[in-house]
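Beneath this line is the structure, given in structure tokens, with notes to follow.
The values are calculated or read from the model by the stated rules, or taken from the named source; none is laboratory data. Every value quoted in this text rests on a predicted model; they were computed, and no experiment measured them. Heads up, the Cβs are rebuilt from the backbone with ideal geometry, glycines too, and the neighbour counts pull from every protein chain shown. Each accessible area value is taken on the protein alone, full model and side chains, heavy atoms only, with ligands, DNA and RNA left out. Shrake-Rupley method; radii C 1.70, N 1.55, O 1.52, S 1.80 Å.
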Amino acid sequence: MTAIVLLGPPGAGKGTVAEALAGKGYTHVSTGDLLREQIRLETPLGLEAKANMDQGKFVPDKVVVGMIRSLLESADRGQKFLFDGFPRTLVQAEKFDELLLSLEGAIDGVILLECPAEVIVERLSGRRTCGKCGTVYHVKYNPPAMHNICDTEGCELIQRPDDNEETIKKRLEVYAERTAPLISYYKAKNLIHPINASRSIAEVRSAVLEQLG
Ligand code: ADP
Ligand code: ADP
């Protein structure tokens, strides 16, 4: 089992890159999507997660690591994963290493999507999502064929409750404080591949593909 980790601030384009790599043999795992699915199903885990997510705070490490543990434990030995939004704290990164070790898996590389704050704010403010299939659009940079309608599902797109100016600011603070330290963590393991993510979706996609070889 191998894993590629997509690291970067909220709005850098992790989900978009992961979608663009569909069909390349990776299983895309987004902890944000997994948590939103729990919210939709109104499970106890979902209810606990929602309170944190709506305020731009992280869901507790124990909850997120538990989700990843059950996913990896039921995976095939040869499976290739693309992690988007996990790990996000040092504790998660350490638990992830332990877990992979116990399953004879390894991280192949960490792709760091670098993007300045002003670009991020514009991306997150214009982000629209399909509530059914999870496809991510942008009003300007990646619009659907018909205004505000999902290309696949034909339903109206939604704006995530955490994509408002105040919560975006909070999420950027939390990123700087709790996720940015992972850059040195993975640098020390020689796993980091930085990519300039402030370019177009197509350019970022080919830069990532080049890294993946
Ligand atoms: P973004 O696209 O803005 O990076 P995500 O969809 O990845 O957002 O995550 C949305 C929210 O879900 C986060 O702000 C956080 O509250 C929660 N979340 C997702 N992944 C994790 C994680 N690995 N650890 C803790 N909380 C998480
Ligand atoms: P993340 O998963 O890192 O939070 P997303 O993939 O959801 O980021 O992207 C955030 C928003 O920015 C979405 O509306 C997406 O369509 C848009 N976006 C992503 N990558 C780019 C890019 N390279 N150029 C312009 N807009 C982008």
Legend entry - Residue satisfying all of: in the range 181-209; of a type in the set (Ser, Thr, Tyr) and farther than 30 Å from Tyr141 by Cα; least open to solvent (accessible area, probe 1.4 Å) among these: Tyr186
Legend entry - Unmet criterion (only one of (1) more than 18 Å from the chain's Cα centre (by Cα); (2) away from ligand 2 (no atom under 13 Å from the Cβ); (3) free of Cβ contacts under 8 Å to residues at least 24 places away in the same chain) for Glu177: (1)
Inset, instruction - Considering each residue of the range 127-165, count those that are more than 13 Å from ligand 1 (Cβ to nearest atom) and outside any strand (DSSP E or B), and give that number. - result: 21
Legend entry - Selected residue (only one of Ser198, Ser184 is assigned to a loop (DSSP other than H, G, I, E, B), among the small types (Gly, Ala, Ser) and either assigned by TED's automatic domain parsing to the domain that holds Val59 or closer than 20 Å to Leu124 by Cα (or both)): Ser198
